[in-house]
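Chemist: Have a look at this one.
The values are calculated or read from the model by the stated rules, or taken from the named source; none is laboratory data. These figures come from a predicted structure and were not determined experimentally. For neighbour counting, all protein chains shown are included, and Cβ atoms are generated from backbone atoms with ideal geometry for every residue, glycine included.
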Amino acid sequence: MRKKLVAGNWKMHGGLAENAALLAALKPALAGIEAVVCVPFPYLAQAQAELAGSSITWGAQNVSEQAKGAFTGEVSASMLLDFGCTYVIVGHSERRSLYGESDELVAKKYLAAQAAGLTPILCVGESLAERESGVTEAVVARQLDAVINAAGVVSLAKAVVAYEPVWAIGTGKTASQEQAQAVHAFIRGKIAALDADVADQLVIQYGGSVKAANAAELMVQSDIDGGLIGGASLVADEFIAICRAAAK
């Protein structure tokens, strides 16, 4: 049976005091549940200090494809390891759309993360225009292929895939459970055609305006193995409810 994993993506939110209050609320409520919080770089030390010894793991929202060198403003995978990170998000739609990260660059970041021993959470997903044009599967396949061609399908055994329809992120719109399940099934089927064992164990998260009110109907789908949660992960009661829905 595949594990269920819920990751909270705090994006560029937070502060020392509010982080401490949120983490203090999450720790007892999520005991024994597979959950991770991906915090902004400046708060990794705080997450490490607050969460050490708890069942919640922590990670970053981005990583450089470079191991070290004269790359001002970048953060390497080895630096993330210094702060106890387990996971790192790569290829989030905001990185792709706002900062021009290509499929090839995302693949390089994925490789850098795995080379250091981090588990990448690889984000894939289509825009509203692409969905309306009927090319959702082609877009998702292209994004996956960039990583598979660079790292091999077996690398996915040490990764997580997050399907996040761009049109549903922060918009209040959510893919229906049928829409989400269909793309998750497509992803698993594509991987199964290359390696059935990897596909069977692959954790595929859904991300896109997930909240307590719709979590249960999404998490019960056969190919949805958790969530990549944005705004709702900043509200303790919401994130706790989503995690518990995934854990059932």
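Chemist: Restricting region 152-177 to residues that are at pLDDT 95 or above and surrounded by fewer than 21 Cβ atoms within 10 Å (Cβ to Cβ), which is farthest from A7 (Cα to Cα)?
Modeler: G152
Chemist: Next question. May I ask you to list the residues in region 63-82 that are farther than 26 Å from I169 by Cβ and either assigned to a loop (DSSP other than H, G, I, E, B) or of a type in the set (F, W, Y) (or both)?
Modeler: Taking region 63-82 first, the residues farther than 26 Å from I169 by Cβ are 66-72, 76, 78-79, 81-82.
Once the filter is applied, which keeps residues that are farther than 26 Å from I169 by Cβ and either assigned to a loop (DSSP other than H, G, I, E, B) or of a type in the set (F, W, Y) (or both), region 63-82 yields Q66, A67, K68, G69, A70, F71, T72, S76.
Chemist: Filter region 108-134 down to residues that are surrounded by fewer than 23 Cβ atoms within 10 Å (Cβ to Cβ) and in a helix (DSSP H, G or I), then give me how many there are.
Modeler: 11
Chemist: While we're on this one: Looking only at residues in region 36-74 that are surrounded by fewer than 18 Cβ atoms within 10 Å (Cβ to Cβ), aliphatic (A, V, I, L, M) and in contact (Cβ under 8 Å) with a residue 12 or more places away in the chain, which one is farthest from H92 (Cα to Cα)?
Modeler: Among residues in region 36-74 that are surrounded by fewer than 18 Cβ atoms within 10 Å (Cβ to Cβ), aliphatic (A, V, I, L, M) and in contact (Cβ under 8 Å) with a residue 12 or more places away in the chain, the one farthest from H92 (Cα to Cα) is A52.
Chemist: Considering region 1-44 alone, what residues qualify as being closer than 20 Å to P120 by Cα, in a loop (DSSP other than H, G, I, E, B) and touching a Cys at 6+ places or on another chain (Cβ under 6 Å)? Spell out how you get there, then give the answer.
Modeler: Keep residues of region 1-44 that are closer than 20 Å to P120 by Cα, which gives 2-12, 33-44.
Then drop every residue that is not in a loop (DSSP other than H, G, I, E, B), which leaves 2-4, 10-12, 33-34, 39-40.
Correct list: I33 only.
Chemist: Going through A212, A246, A236 one at a time, which residue ends up being small (G, A, S) and either without any contact (Cβ under 8 Å) to a residue 40 or more places away in the chain or surrounded by fewer than 16 Cβ atoms within 10 Å (Cβ to Cβ) (or both)?
Modeler: Residue meeting the stated conditions: A212.
Chemist: Okay, moving on. Within the bounds of region 105-116, is there any residue that is within 25 Å of I169 (Cβ to Cβ), free of Cβ contacts under 8 Å to residues at least 24 places away in the same chain and not charged (D, E, K, R)?
Modeler: No, the conditions are met nowhere in region 105-116.
Chemist: Then there's this: Looking only at region 75-93, how many residues end up being surrounded by fewer than 19 Cβ atoms within 10 Å (Cβ to Cβ) and under 19 Å from G230 (Cα atoms)?
Modeler: Matching residues across region 75-93 total 1.
Chemist: In addition: Has region 11-23 got any residue that is within 17 Å of the chain's Cα centre (by Cα), crowded, with 17+ Cβ neighbours inside 10 Å and of a type in the set (G, A, S)?
Modeler: Checking region 11-23: not a single residue is within 17 Å of the chain's Cα centre (by Cα), crowded, with 17+ Cβ neighbours inside 10 Å and of a type in the set (G, A, S).
Chemist: What do you reckon, is A47 over 17 Å from the mean Cα position of the chain (by Cα) and part of a helix (DSSP H, G or I)?
Modeler: Numbers: over 17 Å from the mean Cα position of the chain (by Cα): yes; part of a helix (DSSP H, G or I): yes.
For A47, the condition - over 17 Å from the mean Cα position of the chain (by Cα) and part of a helix (DSSP H, G or I) - is met.
Chemist: A further question on this structure: Looking at the structure I just gave you, is A157 among the aliphatic types (A, V, I, L, M), in contact with a helix residue (DSSP H, G or I) (Cβ under 8 Å, 6 or more places away or on another chain), under 21 Å from K248 (Cα atoms) and part of a helix (DSSP H, G or I)?
Modeler: Answer is no for this residue.
Chemist: Can you tell me which condition A193 does not meet? The list is (1) surrounded by fewer than 21 Cβ atoms within 10 Å (Cβ to Cβ); (2) under 27 Å from A67 (Cα atoms); (3) not aromatic (F, W, Y), and all the others hold.
Modeler: It is condition (2) that A193 fails.
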